[in-house]
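The values are calculated or read from the model by the stated rules, or taken from the named source; none is laboratory data. Note that the structure is a prediction, hence the values are computed from the model and not measured. Glycine also receives a Cβ, built like all others from the backbone with ideal geometry; neighbour counts cover every protein chain displayed. For accessibility, only protein heavy atoms count, side chains too; no ligands or nucleic acids. Shrake-Rupley method; radii C 1.70, N 1.55, O 1.52, S 1.80 Å.
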Amino acid sequence: MNIKALLSATAVASVAFTGAAIARDQIQIAGSSTVLPYSSIVAEAFGENTDFPTPVVESGGSSAGLKKFCDGVGENTIDIANSSRPIREGEIKACADAGVTDIIEVRIGYDGIVFASDINGADFVFTPTDWYKALAAEVVVDGKLVPNTATTWNQVNDALPNQQIQAFVPGTKHGTREVFEEKVMMHGCEDSGALKAMVDGGMDKKDAAKKCLVLRTDGRSVDIDGDYTETLARLDANKAGIGVFGLAFYENNTDKLKVATMSGVTPSTETIASGEYPVSRPLFFYVKKAHIGVVPGLKEFAQFFVSDELAGPDGPLAQYGLVSDPELAKVQEAVAAETTLTH
Amino acid sequence: MTETATTYPSGKETGQAVRRKTSLLKTDALTRRRNAAETRFKIYGVVAILIGLFFLVALLYAIFSNGLTAFNQTFVSIPVTLDREAVEKAEASVVKTSGYNAMIDAALVAELDRAGIATDMRPADLRKMLSSGAAAQIRSFVLANPGRVGQTVTFDLLASSRVDGYLKGRVTREALVNDRNLDAAHLDLVDEMQTKGIVEKRFNMDFITGSDASDSRPEQAGIGVSMLGSLYMMLVVLFLSLPIGVAASIYLEEFAPKNRFTDLIEVNISNLAAVPSIVFGILGLAAFIQFAHLPQSAPIVGGLVLTLMTLPTIIISTRASLKAVPPSIRDAALGVGASKMQSVFHHVLPLAMPGILTGTIIGLAQALGETAPLLLIGMVGFIASNYPSGIASGFFDPNSAMPAQIYEWAKRADPAFYERAWGGIIVLLFFLMTMNIVAIILRRRFERRW
């Protein structure tokens, strides 16, 4: 019977509704949960300031968003994908295979990644080296790779407090993880001389670089697959933990979190904009050019998003925690000209 | 007990003499053990119930203590002069709403001055006490009442989430030390404004009727639009799963031959009822969106997915209530010459109806609280921001659902959304309880016993 019910439901659905599928008049956006707040702030303002309906913004992660984006062209595919990392070659190819050939890349600004602990805990002054030494699965001792046995932060750096190593880092499905690996673990690996020691020890350069990014699995480093709210809940349960957050999330929870400095710089929109704070990344959204002129308001939305009033240093996005793009004027030009990715 | 006593004499002669002297009123060791076992069992039962009650009370306490505050909101009432020139200038700019901020600044300064509250804060900083949606509120008033331009109108503007949190005890002066959105100095002003009656906390209908708001203004977010989304989904579920489910059950129960094939179907229905709901979400994505090309994030798709999920529940409960109708009813109907179909539709079905309706309502209540399948068909995110413009738009335009909205709020960065998530749970619980009470009433009123 279940098959019958299923079939009849599908039949009812397809017969009754496919024919009746009406032209979509809202813009549909999906992707990175880091970009979601910015996207929704702009969407809300767009709905209030224009005659177009408020666009719909779904979350789900950069990769999931880009996958949906590359499903094809047409009414039931999304118009914009939010991403906290640049689109990959493979994704461009997948897009092209599905008929999505003209993609407009829009960089909206920069986002900082901060390291924060419980507000009542000790102060931390980190360098990438500390994180590498504390969290790498294997470290180099006397020229040999041995499993990491560090248990407290002062074992990796005397300047750090005598506190158990317990880190909550974003899971691998997050774009934030990629930045963490690249800007913290990799740099730490290089700065501490571990990479050089591995290569000198006869390892292939690529393998050595990969080894740098492997996190320990003995429970000292915990992958968080959920959102920052989950990381915050973990810190609440384990006061000795250190969590990895987005700057905007930290700025909304300054009463619970104490932020650590990285290489001596306190993260803020100013230090990230000036490039002093090392752990930051650009945020993007991608527009399907084929939908411009079909879905009402699409180009207007893209232009509205990067306008000085919104994405500029005094706009609501910067107020929320986005680091404004110093080259915003260039981005605006590119959007106006509908410049597509070349590959 | 008398019987137990009388059976004793059948025992051995030696023991009898002793036992005969025992009376019912005097318990022996065996009886004591049995009674003790019974008492223990009762205690286990009471403890089990107490544990259950404790968790229920703890849950309800958590929900209501965290969520009730969401129904109150802080408002700032200030007279705003809608200067014609300023309105025209604002309407000419790209972001029209931000053009209204200057009017709000002037109004705030004037109102503080009138109330005799001294401050050396910049007007733009003063405005941080208000929701960033305040400008939009004034603009939509101007658009709706162009005739009032040039006059001074008193607005009840939403206070920012931090100010609101302060009056609700969530935000303290110490908590604002590192905050960029509000300073402790603002809170001193808020205290003064409250004594002068400019700032006031009161019931917020917009939480129940309003639409979702972006991350920068949690104070404006409401559950109304996602409630409509849930309503449209439930309509789809009701009108698809009730007829399909009942027809399938009647056929299986009354007409279908009993053989291996129908047995197999029966086992499969029971299995389907236990399938995790996310599986239906994946199925819905593949069948309805990718294959049938229905729009994404639409309540129609959500309703179809939930229909698939609810069907087994409805079929199982319908079959149970059809089975509960005594065969004598069918026999009598057939005996006076009714056809099989007449006996079912005139006699069996009406008698089984209370059970069927109860099962349907419980199935609907289950579907109403379901989030997991909606994740996959795009109903979670910043979606419930447009009111549907009509019936068709209600089914086909993107919308969220109450549980999805709650999930979304619980994920957001600003702690003010957390309170709204709990508030949303209260609204959802209210709906679930209403549906369950209706189910109980139906059963009580129409149930027959044989």
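Things worth noting here:
- In segment B:289-306, residue farthest from B:VAL237 (Cα to Cα) [restricted to those that are more than 9 Å from every other protein chain (Cβ to nearest Cβ) and out of contact with any Leu (no Cβ under 6 Å at 6 or more places or on another chain)]: B:ALA298
- Evaluated against (1) surrounded by fewer than 21 Cβ atoms within 10 Å (Cβ to Cβ); (2) not assigned by TED's automatic domain parsing to the domain that holds A:THR34, A:ARG88 falls short on exactly one condition, (2).
- Some residue of segment A:297-307 being in a helix (DSSP H, G or I), in contact with a Gly (Cβ under 6 Å, 6 or more places away or on another chain) and open to solvent by 10 Å² or more (accessible area, probe 1.4 Å): no
- No other residue among B:GLY245, B:GLY210 is open to solvent by less than 30 Å² (accessible area, probe 1.4 Å), without any contact (Cβ under 8 Å) to a residue 60 or more places away in the chain, within 14 Å of another protein chain (Cβ to nearest Cβ) and of a type in the set (Gly, Ala, Ser) apart from B:GLY210.
- Entirely in segment B:389-450, the helices (runs of 4 or more DSSP H) that have 3 or more residues that are closer than 30 Å to B:THR172 by Cβ and under 13 Å from the mean Cα position of the chain (by Cα): B:402-411, B:415-446
- Here B:GLU370 clears all of (1) open to solvent by less than 30 Å² (accessible area, probe 1.4 Å); (2) closer than 30 Å to A:GLU58 by Cα; (3) at pLDDT 90 or above except the condition numbered (1).
- Residue among B:ARG420, B:ARG448 that is of a type in the set (D, E, K, R), open to solvent by 20 Å² or more (accessible area, probe 1.4 Å) and either within 24 Å of A:PHE46 (Cβ to Cβ) or away from chain A (no Cβ under 14 Å) (or both): B:ARG448
- Filter result for B:SER230 (buried (at least 23 other Cβ atoms within 10 Å of the Cβ) and within 13 Å of another protein chain (Cβ to nearest Cβ)): no
- Test: residue in segment A:274-293 that is closer than 22 Å to A:ASP71 by Cβ, open to solvent by 30 Å² or more (accessible area, probe 1.4 Å) and within 14 Å of chain B (Cβ to nearest Cβ): no
- Residue, farthest from the chain's Cα centre (by Cα), within segment B:60-76, restricted to residues that are surrounded by 15 or more Cβ atoms within 10 Å (Cβ to Cβ) and hydroxyl-bearing (Ser, Thr, Tyr): B:THR74
- Enumeration of residues in segment A:44-76 that are within 8 Å of chain B (Cβ to nearest Cβ), surrounded by 24 or more Cβ atoms within 10 Å (Cβ to Cβ) and in contact (Cβ under 8 Å) with a residue 24 or more places away in the chain: A:ALA45, A:THR54, A:VAL56, A:VAL57, A:GLU58, A:SER59
- Residue in segment A:80-89 that is part of a loop (DSSP other than H, G, I, E, B) and more than 20 Å from the chain's Cα centre (by Cα) present: no
- Single unsatisfied condition, A:THR271 versus (1) more than 27 Å from B:PHE417 (Cβ to Cβ); (2) in a strand (DSSP E or B); (3) of a type in the set (Val, Ile, Thr): (2)
- Of all residues in segment B:78-100 being among the hydroxyl-bearing types (Ser, Thr, Tyr) and open to solvent by 30 Å² or more (accessible area, probe 1.4 Å), the one that is farthest from the other protein chains (Cβ to nearest Cβ): B:THR81
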